[in-house]
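In what follows, a structure is listed as structure tokens, so that the remarks can point back to it.
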Amino acid sequence: MIIPVRCFTCGKVVADKYEQFKREVRQGEDPAVVLDNLGLNRFCCRRMLLAQIDIIDSFMAFSTVSPAEVK
């Protein structure tokens with residue numbers, strides 16, 4: 001899924017923080033600490049990043065257009 005630009009509840013911008021969040025969590029950082037460092041203190045904003053699932057790669061397996069045709 002595509003990360004929403006803003007939090008659904010409070011409207012704070014969260015999309016610009018997702019890549020950094022994902023990178024630091026992959027490096028072994030605690031997600032709670034990363035969210036604190038990014039300034040996401042409200043539960044509603046934290047939920048936006050914690051509940052995000054990247055499924056676009058799974059969908060691409062069912063694509064009817066080959067990558068060579070897309071230009």
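The values are calculated or read from the model by the stated rules, or taken from the named source; none is laboratory data. Everything quoted here is computed from the prediction, not taken from an experiment. Using ideal geometry, Cβ is built from the backbone for each residue, glycine included, and neighbour counts are taken over all protein chains shown.
Within the range 41-65, residues that are farther than 19 Å from GLN20 by Cβ and of a type in the set (Phe, Trp, Tyr) reach partners that are at pLDDT 90 or above and assigned to a loop (DSSP other than H, G, I, E, B) with beta carbons closer than 9 Å, at six or more positions or on different chains, in the pairs PHE43/THR9. Could you check, for the range 27-38, whether at least one of its residues is touching a residue at least 24 places away in the same chain (Cβ under 8 Å) and more than 21 Å from ILE55 (Cα to Cα)? No, the range 27-38 has no match at all.
Conditions (1) on the phi > 0 side of the Ramachandran plot; (2) modelled with pLDDT of 85 or more; (3) in contact with a Cys (Cβ under 7 Å, 6 or more places away or on another chain); (4) of a type in the set (Lys, Arg), marked per residue:
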residue	(1), (2), (3), (4)
ILE2	no, no, no, no
GLY11	yes, yes, no, no
PHE21	no, yes, no, no
ASP30	no, yes, no, no
CYS44	no, yes, yes, no
ASP57	no, no, no, no
PHE62	no, no, no, no
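In the range 26-63, the qualifying residues are those that are over 12 Å from the mean Cα position of the chain (by Cα) and among the basic types (Lys, Arg), and the one that is surrounded by the fewest Cβ atoms within 10 Å (Cβ to Cβ) is ARG26.
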